[in-house]
Amino acid sequence: MNQDTKQREKTSLRKRGYPPRALHFSLEQSGRLTALRNSAEHTRELASALKIGQSLFDSSCALSVLQDHVKQALAGEAVASTVQIGDDLFHVWLTPVQNDSSIIGVSGGCIADQEIAQPLPAEHLLDYQLISEYSSDIITKYDLQGICTYVSPSIERVLGYKPEEIIGQSVFDYFHPNDLKTKRRLFRRLLDGEADDPVCYRIRRKDDTYVWLETVSKPIREPLARQGREIITVSRDITRRKETEERLLRLANFDSLTRLPNRALFRDRLRRAISRAQRNKTRLALLFLDLDRFKNINDSLGHHAGDQLLRGVAKRLTQNARKGDTVARLGGDEFTVILENIHTPDDASLVANKILELMEPPFRLDGHELVVSPSIGITLYPDDAEDMRSLLKNADTAMYRSKEKGGNRYQFYTEGMNARAYEHLVLESNLRHALERDQFELYFQPQIDLHTHGIIGIEALIRWNHPERGFLSPDKFVPFAEETGLIIPIGEWALNNACLEAKRWQENGLPPVRIAVNLSMRQFRQKMFVDLVANALSNSELDPHLLELEITESFLAQNVDQATKVLRQLHELGVQLSVDDFGTGYSSLSYLKRFPLNTLKIDQSFVKDLDSGPQGATIAEAIIALGKSLNLNIIAEGVETEEQVFFLKSRGCDRVQGYFVSPPMCASDMLRWLKDNRSRRILFEQEALWPEQADSR
Ligand code: C2E
Ligand code: MG
Ligand code: MG
């Protein structure tokens, strides 16, 4: 390239605006100007007032208005600003200059506002026209009233209108009614000369459907004028993206099973409701709802039925809701309702009662008719708490209280409940350490045969020696341990130690005696449960026939297939199987035949009822008859009085366990008791009271 062509090229580049028409400069850290280069008409005067070596921090410097901006840049920030120097406006930018990690100076530039506002040379106009005509985006120009003065042909492809149908029309006639207000506000800001971030809104197509557009707008101003003269916009069809966004939003905020708001949206709604109540000084109620025994339904009828039920519950709840109330599903069988603007707590009771009523009619699922009841906890803002977390916690605590009271009811939160909940929490954490701290102990209660006077077995009953609360009976901690899963290691401990103890009695020269161990449902459901039992037997070298496992009736009823399989394996191992608390489950009796059982234990409540006359005796009699017909042993639990012994014996139930024989004892007492062979002595004494019974034997 010869010198001449180079020069021509340069001139042509300059005409097109390259390099940018600006004044460029560099400064040292001290503010001293080290370089200056001006390439624009409107900054020439400013450039000639500056000198290399002059400090910008010097008040006589023509750029001294930039002192604060330079300090900012020296602190590491990139700065862009508009400043007035003399009568002119300049747009300034400054960037820190770095050497390794330290800032050694600033480089920057300034461009006169007039320079920007200068009309474009004719060749540029042509370029822009071409871009506009061929762009897939819609390019539009409006005047100050929102009347379209130009639109690119791409509008026809996106919105169906020909440009001539739109030019001369008001842009506001095409907005979706819901977006109109926002758009008017933005338009006003644009006219005031403020640049606009991209905005999304819906606009009506020619076929009356709506399309989502994303638009960037720029005001076109007269040089130095504050108000814009026109607005130019570039809009892109984002309907697809918007639909995907909406789908994602739905997924993120709504529960796919019931279509109710999910936990995330619920929290958001509650937060807003609290702010509204705070602002308007109103009251709101939060209802927390959990279905009673939902797990049983899921386990016995399957997840499909469970899902159908949850959908049914959601439907009934939304039917009941007022406009503006939020019904949400937090997960599982937990639902919440936010009631805004309630006047008194009674308003919340009214809704809770209505919900209980609505749930009464049975749900029809897969041919089953199912009755389900909820437990509801209620808390009030601002009466009980003022923040979201506490309100949720309160409602949950109150819900648990309804459950404890038997379910199918509602309960308002009270302060005392928190203390209880705290106590539960402490107990749970103590329970976690109880095993490693060796705080459990087994107690033993003998079972005797009224015929032979001999001991037929001993039940192992766990106790927790709590460091502060003393001896705790299983009722105080087993339900907890079951809830938290801690029952698995605790139950395993009880099983192993019971077997070892039974073996120790033999090692003390006593005749072999069977040990009965209580099992919880969760232990039984463990995959390796049969192996655990086999291990306990081999560790202790106890004969499998000397181990009896007590299972609850409700477990058998709810898990027929699994129970059959596991019970058969245990039976094959040689262990004995009994059904504890028999008569309290709500199952049909037909299943009993399917399992390889040995013993039914009549629940102590029926034994107690024996004292209340013939009515109370009927159930005990029926259980005895049933057991006999199935060839099972029957043992009565909780036998306390001579009258009970007398009655049971007269009906053919010869085996008893209870305070009448002995309360549960610690291991050393049990050993002594066995050595004394106390059972024979007790019966001997009692028989003297009933000569006719002794005769009939
Ligand atoms: P359960 O198996 O039905 O045990 C009988 C309960 O009745 C025992 O209560 C026993 O102390 C009590 N009892 C015995 N004779 C009489 C009597 O004449 N009158 C009265 N009123 N009560 C009597 P305990 O020891 O408090 O155990 C309660 C329950 O805790 C047991 O009921 C059992 O279901 C459970 N349990 C005990 N130990 C364990 C264990 O190691 N694992 C599991 N999973 N549960 C256990
Ligand atoms: Mg038991
Ligand atoms: Mg029992």
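Annotations
- From largest to smallest, the equivalent ellipsoid semi-axes obtained for segment 439-680 from the alpha-carbon gyration tensor read 25, 23, 18 Å.
- In terms of overall dimensions, segment 400-517 has a Cα radius of gyration and Dmax of 18.6, 60 angstrom.
- Loop-located GluC sites (Glu not before Pro) in segment 414-515 (DSSP state other than H, G, I, E, B) with a sparse environment of at most 12 neighbouring Cβ atoms within 10 Å: Glu436, Glu468.
- Total charge dipole magnitude, the chain, about the Cα centre, Cβ charges on Lys, Arg, Asp, Glu only, Debye to nearest 20: 2340
- Residues with amide H under 5 Å from that of Arg205, placed H, sequence gap 5 or more: Tyr210, Val211
- Computed over segment 370-462, Cα set: Rg, Dmax in Å: 21.5, 69
- Largest first and in whole Å, the equivalent-ellipsoid semi-axes of segment 136-244 read 23, 15, 12, each the square root of five times a Cα gyration tensor eigenvalue.
- Annotation: per residue accessible area for the chain equals 53 Å², rounded to a whole number [probe 1.4 Å, protein chains only].
- Span from the segment 151-174 Cα centroid across to the segment 480-525 one, whole angstrom: 83
- Rounded to the nearest Hz, the phi-derived 3J(HN,Hα) couplings of segment 414-422 under the Karplus curve 6.51 cos²θ - 1.76 cosθ + 1.60 (θ = phi - 60°) are 10, 5, x, 5, 4, 4, 4, 4, 5, where x marks glycine and proline.
- Rounded to whole Å, sorted largest first: equivalent-ellipsoid semi-axes of segment 41-86, Cα gyration tensor: 19, 14, 9
- Heavy-atom accessible area with a 1.4 Å probe sorts Phe480, Phe254, Phe335, largest first, into Phe254, Phe480, Phe335.
- In the chain, taking the dipole from charged Cβ atoms about the Cα centre, the farthest positive-side position among Ile458, Phe90, Pro382 is held by Phe90.
- Given charges at Cβ of Lys, Arg, Asp, Glu: the chain dipole, positive-most of Ala348, Ser101, Phe660: Ser101
- Carbon and sulfur %, accessible surface of the chain computed with the full protein complex present, 1.4 Å: 49
- Descending Cα extents along the principal axes, segment 368-411, whole Å: 43, 19, 13
- The chain: radius of gyration over Cα atoms, expressed as a fraction of 2.2 N^0.38 Å: 1.62
- Pairwise FRET efficiency - Ile220 versus Arg184, Cβ, R0 = 22 Å, nearest 0.05: 0.65
- Phi to ³J(HN,Hα) by Karplus 6.51 cos²θ - 1.76 cosθ + 1.60 over segment 397-413, Hz, x for Gly, Pro: 4, 5, 5, 4, 4, 4, 5, 4, 7, x, x, 6, 7, 10, 8, 7, 5
- Amide hydrogen neighbours beyond the local backbone of Ala516, cut-off 5 Å, H modeled: Ile458, Glu459, Ala460, Glu548
- Size of segment 254-415: Rg and Dmax of its alpha carbons, in Å, are 15.2, 50.
- The spacing between segment 231-274 and segment 600-661, judged by their C-alpha centroids, is 64 Å.
- The HN-Hα couplings worked out from phi for segment 448-463 by the Karplus form 6.51 cos²θ - 1.76 cosθ + 1.60 (θ = phi - 60°) are 10, 9, 5, 6, 8, 6, x, 7, 10, x, 9, 9, 8, 10, 7, 10 Hz, whole numbers, x standing for Gly and Pro.
- Each Cα pair under 8 Å and six or more residues apart adds its separation to the average, and for the chain the resulting relative contact order is 6 percent.
- Charge context of Thr379, other residues only, Cβ under 12 angstrom, K/R +1, D/E -1: -2
- Rounded to the nearest 20 debye, dipole of segment 439-680 from Cβ charges on Lys, Arg, Asp, Glu: 420
- Near Gln278: Cβ cut-off under 13 Å, other residues only, Lys/Arg at +1 and Asp/Glu at -1. The net charge is +3.
- Computed over neighbours whose Cβ is under 14 Å from that of Gly574, the net charge equals -2, Lys and Arg +1, Asp and Glu -1.
- For segment 426-462 versus segment 339-403, the inter-centroid distance based on Cα atoms is 40 Å.
- Taken over segment 460-587, the percentage of Cα pairs per 10 Å bin, counting from 0 up to the bin with the maximum distance, is 12, 42, 34, 11, 1.
- Looking at segment 241-283, the pairs of alpha carbons with a distance over 16 Å make up 50% of the total.
The values are calculated or read from the model by the stated rules, or taken from the named source; none is laboratory data. Please read all numbers here as calculations on a predicted model, not as lab measurements. Cβ sites come from the backbone with ideal geometry, for glycine too, and all protein chains shown count toward neighbours. Just the protein is used for accessible areas: all its heavy atoms, side chains included, with ligands, DNA and RNA removed. Shrake-Rupley method; radii C 1.70, N 1.55, O 1.52, S 1.80 Å.
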